[in-house]
Structures are given as C-alpha cells and as structure tokens.
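Structure first, commentary second.
The values are calculated or read from the model by the stated rules, or taken from the named source; none is laboratory data. None of the values given here were measured: they were computed from a predicted structure. Backbone-built Cβ (ideal geometry, glycine too); neighbour counts: all protein chains shown.
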2 protein chains.
Amino acid sequence: MRPLPGLTGSPLDRADRLRADADALANALGDWRARLLRLDGLDPVIGADGRLAWGSLAEAPEDATLLLLGLIDGRPHFVALDLRIPPNAARSRAVFRALDLLPREEAATYAAARSLIDWHLRHLFCARCGSGDSVIARAGWGRRCSACGAEHFPRVDPVVIMLAEHDGRVLLGRQPQFPPGRYSALAGFVEPGESVEEAVARELWEEAGLRVRDVRYVTSQPWPFPSSLMMACIAVADDPALTLDTTEIEDAFWIDRAGVAAAFAGAADRAFTPPPPFAIAHTLLRWWLETPA
Amino acid sequence: MRPLPGLTGSPLDRADRLRADADALANALGDWRARLLRLDGLDPVIGADGRLAWGSLAEAPEDATLLLLGLIDGRPHFVALDLRIPPNAARSRAVFRALDLLPREEAATYAAARSLIDWHLRHLFCARCGSGDSVIARAGWGRRCSACGAEHFPRVDPVVIMLAEHDGRVLLGRQPQFPPGRYSALAGFVEPGESVEEAVARELWEEAGLRVRDVRYVTSQPWPFPSSLMMACIAVADDPALTLDTTEIEDAFWIDRAGVAAAFAGAADRAFTPPPPFAIAHTLLRWWLETPA
C-alpha cells in the first residue's frame, strides 16, 4: 500500500522558469485570468463550494507584493504579502477546521501559500547584516539584501515523526498542549549534521529513553506551521521500557493493531483519539494498521 | 542491503538535556577533560592519526563563544565560534581532501560542527527585527533576539537527490561547475508546501523534462555546505526523452548497471567519473548497482 498523506497533491505547477524571468512575470501579473488567493490573516477563506476562495488581482491591498504560487491549468495564481499580518500569528482553530474541510489538494495549495508568506513576515530583515533593505526576489521565492547582497531562501524545517515498534505494538505519546484524549507519534526537528535515520533514533532516545534499530522511512508531507517537512518513519525497539522526558511528553503507551483500529473506528472504549486525517501521524498509523506484521 | 551513507555515524551524544541546563553547561565548560575541535577557518585540522584534531578549551580565542557539540564517552566536546571567520566562506579544496581522508564517523562530527558555526556566522542579526543584539542560546543550538524576543534555530535545508530509472538504466547529469568527467544524480531543494516525493517529481520535470511515478526514498545524509539534509530517492520514468534545463544541467545521459560498475571500477573506457564516497550520490548509485532490477 502506498500511503497518501494530507497536504499533498496540489495542482500547482510551481513554474520555476517564470521566477527568474522578469518579462514572463510581468505578463503573468497582467494576465486577466490571474487569480489571487483569498486569506483572512494567515487563515484560508473557504467558498460555498467547500474549496479555497480566489479573487482577481485587483483585490490585493495597494501596498501588498504579489507572490507567484504557480500555474493551475496555465492560469497564474498569486498570494498577496500583506505586511499588516502579524508575524508568528498563532495557529487558529479556524485553520484546523478549514484543513478538516478542504479537499487534500486544496489544503496543499494553501499550505504552500501560508508557509511562503509567513516566512517573509518573519524575515523582513537580513540575518547577515541586519539591513531592512531586503527585497523580494524570484517572484516571491527568495529575498535579496540590497545592503550586503546576501540571498535568502524560504526556510523548510525537516521534522521526523515516528513509530517505535515492539512485539506488534507501537509507541504513542501526548504533548501537554494536545486536545484531551489525543495521542500521536513522537516527533522532533532534524538538526544540522545528522541524517533522517539518526534524528529518529536520537528523538526516541531523548523523549522516551528508547534505543531503536532498523529505521525505515514511510512517507512525507509539508506542515505549514510555519514550514515543516514531516518525514514519517518506523523503527524497531528491542526493549520497550520507557523513560519519558516529561517536558516534551506527558504520557505515552504501547498499543497493538486492535487498539489503533478501535481508535480509528471511534469505539466507545477507545484508548485514544487519533490525529486528524490531514496530519501525517494519521497516515502513518493507518499505513501501519494495513501493513502485515 | 542497507546503504551506509557518508557523513553519518558520529559518536556524539548531542546531550539535548544539557543545552537548557545552565549549571550542567557550566560544569561541562569547567570539565578538565573537555575538548575543543581544531579548525582552520571552517576547514578541519587532521592529526597525525588521520582523525580530527582536538585541543583543550584553553586553545579557544579569548573572545570566542564555545558551542557544545555534545558528549563522546561522557567527555564534553565543543567548537569555538570565532567571528573572524568570514560568512559564506568558500568550500576549499582542503575540505574535500579532508572528507576523503577522514573516517566516516569523524567526518560526521565535523559536518555537524561546520554547519553549526557557519549558521551563526550568517545569522548574527535578527531576521525579524534587524537587531544585532541577538545572543547565543541553548549552548549554541539557537539564538535569541534581545530586542524583539524572537528565537532562531539552526537551519537545515532538505534536498532531494534522485535517480530516474527507465528500462534498466538511470539518469546521470553534470552541473557546469563539476570537476571534469564527473556525473551525478540530479538534485534540488525541497520547497515550502511540498513533500519529498513531490519535490523529486518537480525537480526531474524542471531539470530534465521527465515525468516520473513511484518515487521511493532510499537513504539520507547531512551535507555541511552549508547545512543540507540530502535525501536520496529513485523514481520510474516511462518516457526517457530528455529536455534539459541547461542553466542547471549541461549534459545528461542514461546508463545501465554495467556502465555504472565500470565507472566505479575505474575502467579506462568508463563513461563518467563517479561522485566521491562521502557524497550520497555515490551511496545511491552503489545501492542501485546491488539492488536487483
């Protein structure tokens, strides 16, 4: 089975060739068919058809810069960088409701737009020289410092999210800020100088005191809070004894396939509430359920 | 076969628990057994034993900040952040010679240290507010802006590097700046809002005009120029016709297993010079050679 993660499958052609071509970009901006993503702050606006709402470029605030998301069916699609949106805007309840409602491919397009504008909002100054004279480059997919010449590109933060497996059971844990009953796969950022596989082993050691072997990659998806790349993995633990880092994980337990299946089925006596379908932990758990032991 | 990529296997215990514990960090800095990585600018210094050279903490420049790499056999290991090193220091020939010489595990420790100090050198200012009053946090694994409070963490840039496969042959290409004769797997940065698998498909389309399906992840390694996470993949192309983006790729060809084997064997009539063992393209090609069709 090939799992199909959430927040993937956007129909956008990112059209990299247009980004460095000033004439082509000007043409796209002048194209009457061009569309602008409607946003409410950083949150999506959903139309009556249950899909992302788009308007014409005329809807953009006068002082906003238009960033080229790409082409859909040959039509240019933009998002406006509105500097009045506060950086590090909190994840709202509205955005999670929207991700629940939107078709997967629409959520993917939104995720790309959100990560891109959120990156600009948090990187208006040059990290190398401190200048505020940093300008948007590559149709929105970079910044260039006019003072020192440094180029900056949108950040993508790789994250490992993983199941440790022992004797037909996998490890689930919960962070203090999770909704009541929610348990999920453990996760953490990949650090400079380590591989995906090493990050999986390190995080399970740090957070749960588990030593693992045979780390296997399963699948990946973007996560736009603010710009993670989630890589779902599974690894084998020979010793299931746990030592939790309670600053990260307030509780954790091992659960078998029947327990995970009951949780997905919404059984009254379920051991936990599973993560939502747009989260890769959901995909990872469903993949594990359907993968023979 | 499980491939063993270069620049992995460092014996460092990153000791995350020490990073947020001021007393533990002070103890590590006062530990007479603590060691300091010797560097020449950003390049490694190799001892007579062919391994990384380490000194005592007393060797650090007086005004340098010591960053905690982690523990090896319980001993704290540091690297000095010397602000006299120019940011964006060019990759020297010396560093590639060193990566050729160093045992894989030693190269991995160096890669972590290099990426970390190179990140600080390029991020002395707060990208959110422009302040130069940004201070080192978490024993070196972050910065905090004293002016606006923003936290910044070392950047890791996910990169996909991939073989397209068609009818028992894989696609190799060369960038203009490669050494003479060198060909390698195509590669590119993962962008915000896409998965690993989507990035593989997009890059092969942009650089070679190939449509691919069934993207599979093989393995990963860090690459400290300046801080990439290389994820090696393979994908199936049904149509082998190429349209090269010659700004990225000056030449490309399909080659079968016999051709790749001849290149690794250094045959006089080899079609290309393969990438060095510390590059993941080397690991990926060897994995493909040894994986049944």
Answer yes or no: is there a residue in the range B:89-109 that is surrounded by 14 or more Cβ atoms within 10 Å (Cβ to Cβ), of a type outside the set (A, V, I, L, M, F, W, C) and more than 14 Å from the chain's Cα centre (by Cα).
no
Which is part of a strand (DSSP E or B) and within 13 Å of chain B (Cβ to nearest Cβ), of A:Pro154, A:Pro158?
A:Pro158
Are there any strands (runs of 3 or more DSSP E) wholly within the range A:25-129 with 3 or more residues that are closer than 23 Å to B:Val190 by Cα and more than 14 Å from chain B (Cβ to nearest Cβ), and if so which?
A:75-81
In the range A:148-175, what residues are touching a helix residue (DSSP H, G or I) at 6+ places or on another chain (Cβ under 7 Å) and aliphatic (A, V, I, L, M)?
A:Val160, A:Ile161, A:Met162, A:Leu163, A:Ala164, A:Val170, A:Leu171
Taking the condition of being facing chain B (nearest Cβ under 10 Å) and surrounded by fewer than 19 Cβ atoms within 10 Å (Cβ to Cβ), how many residues in the range A:134-148 meet it?
1
Total residues in the range B:17-57, condition in contact with a helix residue (DSSP H, G or I) (Cβ under 8 Å, 6 or more places away or on another chain) and farther than 17 Å from B:Val79 by Cβ:
4
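Return the residues of the range A:220-244 that are more than 10 Å from every other protein chain (Cβ to nearest Cβ) and either within 14 Å of A:Ala281 (Cα to Cα) or part of a strand (DSSP E or B) (or both); say none if nothing qualifies.
Let us first name the residues in the range A:220-244 that are more than 10 Å from every other protein chain (Cβ to nearest Cβ), namely A:225, A:232, A:234-244.
A:Ala232, A:Ile234, A:Ala235, A:Val236, A:Ala237, listed by residue number.
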Looking at this structure, is A:Gly173 more than 30 Å from A:Ala24 (Cα to Cα), crowded, with 16+ Cβ neighbours inside 10 Å and at the interface with another protein chain (Cβ under 9 Å from one of its Cβ atoms)?
no
Pull out all pairs, ordered by first then second residue, where Cβ-Cβ is under 7 Å, the residues are six or more apart or on different chains, the first lies in the range B:25-51 and is more than 15 Å from B:Leu68 (Cα to Cα), and the second is surrounded by 10 or more Cβ atoms within 10 Å (Cβ to Cβ) and polar (S, T, N, Q).
B:Asp43/B:Ser92
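Matching residues to (1) of a type outside the set (Gly, Ala, Ser); (2) in contact with a strand residue (DSSP E or B) (Cβ under 8 Å, 6 or more places away or on another chain):
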{"position": "B:Ile255", "(1), (2)": "yes, yes"}
{"position": "B:Asp269", "(1), (2)": "yes, no"}
{"position": "B:Ala281", "(1), (2)": "no, yes"}
{"position": "B:Leu284", "(1), (2)": "yes, yes"}
{"position": "B:Ala293", "(1), (2)": "no, no"}
The residue from A:Trp288, A:Trp254 that alone is modelled with pLDDT of 95 or more, buried (at least 17 other Cβ atoms within 10 Å of the Cβ) and either among the β-branched types (Val, Ile, Thr) or part of a helix (DSSP H, G or I) (or both) is A:Trp288
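Being at the interface with chain A (Cβ under 9 Å from one of its Cβ atoms), outside any loop (DSSP other than H, G, I, E, B) and without any contact (Cβ under 8 Å) to a residue 24 or more places away in the chain is the requirement here; does B:Glu194 meet it?
Working: at the interface with chain A (Cβ under 9 Å from one of its Cβ atoms): yes; outside any loop (DSSP other than H, G, I, E, B): no; without any contact (Cβ under 8 Å) to a residue 24 or more places away in the chain: yes.
Answer is no for this residue.
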Is it the case that the range A:147-166 has a residue that's at pLDDT 95 or above, more than 24 Å from B:Val218 (Cβ to Cβ), hydrophobic (A, V, I, L, M, F, W, C) and within 22 Å of the chain's Cα centre (by Cα)?
yes
Test: B:Ala235 is of a type outside the set (S, T, N, Q) and in contact with a helix residue (DSSP H, G or I) (Cβ under 7 Å, 6 or more places away or on another chain):
yes
